[in-house]
Amino acid sequence: MSETISFVATGDYLQTRRIPSYEDEHFQKIAALLQRADARITNLEIHVSYNEGTPAAISGGTHIQTTPDRLDDLKAYGFNLVGTANNHMMDFQQDGLLVMQKYLREYGILHAGSGENLFEAGKPAYLDTPNGRVALIAVASSAHLTHMASEQRRDMKGRPGVNGLRHIKRHVISGEELAALRRIAEKTEVNGMFEMMVEESFISPLPDNLLPFGYDMYGFPMLFQAGEEEGASSVPHEQDMRRLENTIDDAARQADYVIVSFHAHEMKGAQKQISAEFVESAARRFIDAGAHAVVGHGPHALRGIEIYRRRPIFYSLCDFVFQDETVEALPQDFYDANKIPDGYAVMQAMDWKTQNGTKGLVKSPDAMESVIAAWSMAEGDLKEIVLYPIELGYEMRRHQSGFPRITANEAILKRVQELSSPYGTELTIENGVGVIRL
């Protein structure tokens, strides 16, 4: 094994159109950059099959799917470790996930993060390189509770899904406000079902100081309590964390380096560029457990970089390929939710949605400007990070945008620089790239 090993990682990979030509100069520059590294990591945030899954009632947003031949393009870029734990992996339910697993195996895609039960979804993927063995563990906090894989038992099979990390979020308000909220809950009967299930012992009662008030989009209860430090706080689910920490520890016993791919949309208030508290806590605990890097993605926006115990945490690398508006078909749920007239084809439906006030992420520079992160490590410690800014063409037409191009736009690097500063990370801009050195 060599003294130094190199890594490269990107944000979300959502490809619905084939690369027009591998001779394209933009593709070749990106592919050459990626293929210089030993381990090349991305997050595949799209269902892959020939329209073989059943559309889910609860999706990750738009039901995203593409055909398996797009996996040839993923391999042409050079990726050799792929995470599949994210909020779109169950867009086409369990049958869709299982058929996708089949295609990933057939195309030789080394992947982690989803499977037919929690063991399969949680187990690492191992990549052997000339400079060391790398384990990839992929986990998602941004997934509906019903999309998270469950443990198998000797007397019952587990549920297919993603390797999930639940979290607990609490909203702290004054005692007077909590009393008012209790009165509102009683008047509106918002907790009626919860109270009935407690009374009939379907679920355990909450402590007296906690008031549930509905559920968030992922199925987690919204909990309120009285306190002096008002605001919101969150912590990772301890049972999930112990399981993930054990997996990291076990992987470190049979690999030289362990990388955690972490899909987390959760934010501080309404600030997409800042992670929720539990995301930061979990990422640091992954490092404490033995991970050598945490590669974050999910919010379709860049977030800061923290160097924790001489190891990198990329809180979000945003997007790498992003083509969520050029899908070939969408389920009836999409048409109903957006009140789209009967008979509209897919692109007509997309434009109807846009004209009625929903602009979409492809029209946002936050989602269409990103970085590719390359870094090297020796004896378990970080040596250097180099960030290459990329643009995905947010001003182009939808059927032309979404593929990455190296850019000289230093504003992207300055954004990462500013977002990383609160973590004490010093990022310099040199010759059009961002550099972090230890």
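Brief remarks on what is shown
- Residue tally, condition touching a residue at least 40 places away in the same chain (Cβ under 8 Å) and either charged (D, E, K, R) or farther than 18 Å from residue 136 by Cβ (or both), over segment 289-307: 8
- Of the residues making up segment 90-112, those that are of a type outside the set (Val, Ile, Thr), surrounded by 16 or more Cβ atoms within 10 Å (Cβ to Cβ) and part of a helix (DSSP H, G or I) are 93, 94, 96, 97, 98, 100, 101, 103, 104.
- Selection count where residues are touching a residue at least 60 places away in the same chain (Cβ under 8 Å), open to solvent by 30 Å² or more (accessible area, probe 1.4 Å), at negative phi and not hydroxyl-bearing (Ser, Thr, Tyr), scope segment 39-59: 3
- Residue, nearest to residue 263 (Cα to Cα), within segment 139-177, restricted to residues that are part of a strand (DSSP E or B) and basic (Lys, Arg): 169
- All positions within segment 58-89 that are in a helix (DSSP H, G or I) and within 14 Å of residue 42 (Cα to Cα): 71, 73, 74, 75, 76, 77
- Among the candidates 115, 108, 83, the residue that is modelled with pLDDT of 95 or more, under 18 Å from residue 258 (Cα atoms) and of a type in the set (Gly, Ala, Ser) is uniquely 83.
- Applying the criterion of being assigned to a loop (DSSP other than H, G, I, E, B), open to solvent by less than 40 Å² (accessible area, probe 1.4 Å) and of a type outside the set (Ser, Thr, Tyr) to the residues of segment 316-340, the residue that is farthest from residue 403 (Cα to Cα) is 340.
- Selection from segment 13-30 of residues that are buried (at least 20 other Cβ atoms within 10 Å of the Cβ) and in a helix (DSSP H, G or I): 30
- Residue 10 being open to solvent by 10 Å² or more (accessible area, probe 1.4 Å), among the β-branched types (Val, Ile, Thr) and not in a helix (DSSP H, G or I): no
- Of the residues making up segment 390-400, those that are open to solvent by less than 30 Å² (accessible area, probe 1.4 Å) and more than 20 Å from the chain's Cα centre (by Cα) number 1.
- Taking segment 185-203 as the range and being open to solvent by 80 Å² or more (accessible area, probe 1.4 Å) and part of a helix (DSSP H, G or I) as the test, the residues that pass are 186, 187, 188, 193, 195, 199.
- Within the span defined as segment 252-263, one or more residues are assigned to a helix (DSSP H, G or I) and either modelled with pLDDT of 95 or more or not acidic (Asp, Glu) (or both).
- Out of 67, 62, sole residue that is surrounded by fewer than 21 Cβ atoms within 10 Å (Cβ to Cβ), of a type outside the set (A, V, I, L, M) and farther than 29 Å from residue 145 by Cβ: 67
- Residue in segment 62-69 that is among the aliphatic types (A, V, I, L, M) and farther than 30 Å from residue 129 by Cα present: yes
- Filtered residue count, segment 351-389, keeping only those that are at pLDDT 80 or above, open to solvent by 60 Å² or more (accessible area, probe 1.4 Å) and in a helix (DSSP H, G or I): 2
- Which numbered condition residue 72 misses (of (1) more than 17 Å from the chain's Cα centre (by Cα); (2) buried (at least 23 other Cβ atoms within 10 Å of the Cβ)): (2)
- Cross-chain or 6+ apart pairs with Cβ under 7 Å, segment 421-435 first and at pLDDT 95 or above, then exposed (fewer than 12 other Cβ atoms within 10 Å of the Cβ): 432/408; 435/428
- Residues in segment 213-226 that are out of contact with any Asp or Glu (no Cβ under 9 Å at 6 or more places or on another chain) and part of a strand (DSSP E or B): 213, 214, 215, 221, 223, 225.
- Selection within segment 151-173 - open to solvent by less than 30 Å² (accessible area, probe 1.4 Å) and polar (S, T, N, Q): 163
The values are calculated or read from the model by the stated rules, or taken from the named source; none is laboratory data. All values derive from a computational prediction rather than experimental measurement. Positions of Cβ are generated from backbone atoms using ideal geometry, with glycine treated the same way; all protein chains shown enter the neighbour counts. The area values use the complete protein model at the heavy-atom level, side chains included, leaving out ligands, DNA and RNA. Shrake-Rupley method; radii C 1.70, N 1.55, O 1.52, S 1.80 Å.
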